[in-house]
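Note sheet for the following structure.
Please treat every number below as a calculation from the coordinates, not as lab data. Everything numeric here is computed off the predicted structure, so don't read it as measured data. Here Cβ is always computed from backbone atoms with ideal geometry, including for glycine, and neighbour counts include all displayed protein chains.
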Amino acid sequence: MRRVHLALLSVAAVCLCACAGPPVPTPIAGEPVCPDFEVGATKTVMRGGLRLPVAVTISDGKNPILRTTVVGLRSDKDTPTRVLLPDDNGEFTVEWAQCENERAPRPANAAPQAKPKSTAAPLKEPVVDYECGKATAYKTEKLVTKKGDLASHALTFPAPPKTECWLPEAPPKAAEPAETAQPAIADAGAEPAPTASASAAPTASASAAKPAADAGVKKKKSE
């Protein structure tokens, strides 16, 4: 009888493991859009993208099972970044962290990058030519999935601390010509302004003449 019970438990365990559906793609909503831009005298078109991408890590308990990098979309019509999670009842931890290294843009006509398939395990980096460096987590959240309910797998991109996209470099500003001093043009009909010495002379004469006049008045009174 004990062997029968063990056999039934083994069958039940196999059935439970088989109940989980295959991984389903989950798009990340709200991914930032960074349009293409031109650089240089030849106006080379470069692919738009975040200057500092965001690393997304999904863990089952303490075990990370998936990692991807969000670099931004080139237009709102592009296919968003997607992750694959099992179609099953589960609870996961999602960590959003901003990379410390800038991701240099590439020419728009460059060959597309080879991206490994994103699966529930093992960890893989879809952006193969970029090293994130130290990533600083800015948001951690729980994701509770339900079997057969794709809406429960939904992820929404939270804005990172730095949201700048790559933009064309502003052309250097031309040096503004210095303002040339315009010589003052004297009015032909205006009388020239008296110089300091000329204006001071009458004042000095008047001051000197006043004591002499006062002395004459006193002398006349005494007579």
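For the reader, a short list of remarks on this structure follows.
- Listed by Cβ neighbour count within 10 Å, with the fewest neighbours leading, Tyr130, Tyr138 appear as Tyr138, Tyr130.
- Rounded to the nearest whole Hz, the Karplus-based 3J(HN,Hα) values (6.51 cos²θ - 1.76 cosθ + 1.60, θ = phi - 60°) of segment 29-43 follow the sequence 7, x, 5, x, 9, 10, x, 5, 8, 10, 9, x, 5, 7, 6, with x at glycine and proline.
- Between the beta carbons of Ala108 and Asp88, assuming R0 = 41 Å, the FRET efficiency works out to 0.55 to the nearest 0.05.
- Two-site label geometry, Ala29 and Asp60: point separation in nm, points 7 Å out along Cα→Cβ: 2.5
- In this structure the amide hydrogen of Val24, modeled in the peptide plane, comes within under 5 Å of the amide hydrogens of Leu85, Asp87, none closer than 5 places in sequence on its chain.
- With a Förster radius of 30 Å applied to the beta-carbon distance between Asn101 and Thr42, the computed FRET efficiency rounds to 0.65.
- Placed amide H near Val33: partners under 5 Å, 5+ positions off or other chain: Leu73
- Backbone HN-Hα couplings from phi across segment 71-80 [Karplus 6.51/-1.76/1.60, Hz, Gly and Pro as x]: 10, x, 9, 7, 7, 6, 9, 6, 6, x
- Under 19 Å, Cα to Cα: Lys pairs in segment 21-156, sequence gap 8 or more or different chains: 5
- Phi angles of segment 82-93 translate, via the Karplus equation with coefficients 6.51, -1.76, 1.60 and θ = phi - 60°, into HN-Hα couplings of 10, 10, 10, 10, x, 7, 7, 6, x, 10, 10, 9 Hz per residue; Gly and Pro are given as x.
- Paramagnetic reach from Tyr138 in segment 49-85 [backbone N under 15 Å; point 7 Å along Cα→Cβ]: 50-57, 70-72
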